[in-house]
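These notes are about the structure you will find just below.
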Amino acid sequence: MKFGFEYKNQSKSDFVKLAKELATTLKCGDVLLMYGNLGAGKTYFTNKICACLGVKTIVNSPSYILLNEYEGKWDVYHYDLFRLSAADEVLDLGIIERLKDGITIVEWPELIHDYLPKKRIEIYFEHNNDKRNIKIINVEA
Ligand SMILES: Nc1ncnc2c1ncn2[C@@H]1O[C@H](COP(=O)(O)OP(=O)(O)O)[C@@H](O)[C@H]1O
Ligand SMILES: [Mg+2]
């Protein structure tokens, strides 16, 4: 997998492969920020990463759930901030306090991306007809 490269026209099975390659690079404490419109594939990609980290039971529709906690190789904290509108509401979830305890994955991170560690992986999703474009950027502090 190439960081900083835009993979175009990715099918779901392409996403499975990419998620697997990314998952092998992850360590406890890593932060992944998922950017992109509704339906762009953020949850799908997140769930594939979780599966590669050994998570057995994955909840399918986190749009109604602010935080899903999973146990795998490391704990995974999967946030979906779509319905929140203020940074305070997000910080009240305890996202900062949990950073060191596992892998943090955030959909709709815009409200709080300035509060999160500068060292992070940013993932940008775009619709491309029935497929998706995806760019994975490894931001070093
Ligand atoms: N690479 C892909 N190609 C085609 N369909 C995809 C792809 N990735 C995800 N999908 C599908 O798109 C829909 C929305 O995906 P989802 O991950 O829920 O989007 P988001 O979390 O960004 O709102 C789901 O039905 C999912 O199966
Ligand atoms: Mg989603």
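Grab every C-alpha pair in the range 1-93, bin the distances at 10 angstrom width from 0 up to the longest one, and report whole percents.
Distribution as computed: 14, 48, 32, 6 percent.
For the range 14-107, state which trypsin sites (Lys or Arg not before Pro) are in a DSSP loop and have at most 16 other beta carbons lying within 10 Å of their beta carbon.
For trypsin sites (Lys or Arg not before Pro) across the range 14-107 that sit outside H, G, I, E and B with at most 16 neighbouring Cβ atoms in 10 Å, the list reads Lys27, Lys56, Lys73, Arg83.
Tell me the angle of helix 12-23 to the major Cα principal axis of the chain, expressed in degrees between 0 and 90 and rounded to the nearest ten.
50 degrees
Divide, for the range 78-141, the radius of gyration over alpha carbons by 2.2 N^0.38 Å, where N is the residue count.
Normalised by 2.2 N^0.38 Å, the Cα Rg of the range 78-141 equals 1.23.
Just need the relative contact order of the range 5-139 here, percent rounded to a whole number, with Cα pairs under 8 Å and 6+ apart.
37 percent
Since every read-out is calculated from the coordinates, none of them should be taken as a lab result. The shown structure was predicted, so the numbers you read here are calculated from the model rather than taken from an experiment. All Cβ positions, glycine included, derive from the backbone under ideal geometry; neighbour counts span all protein chains shown.
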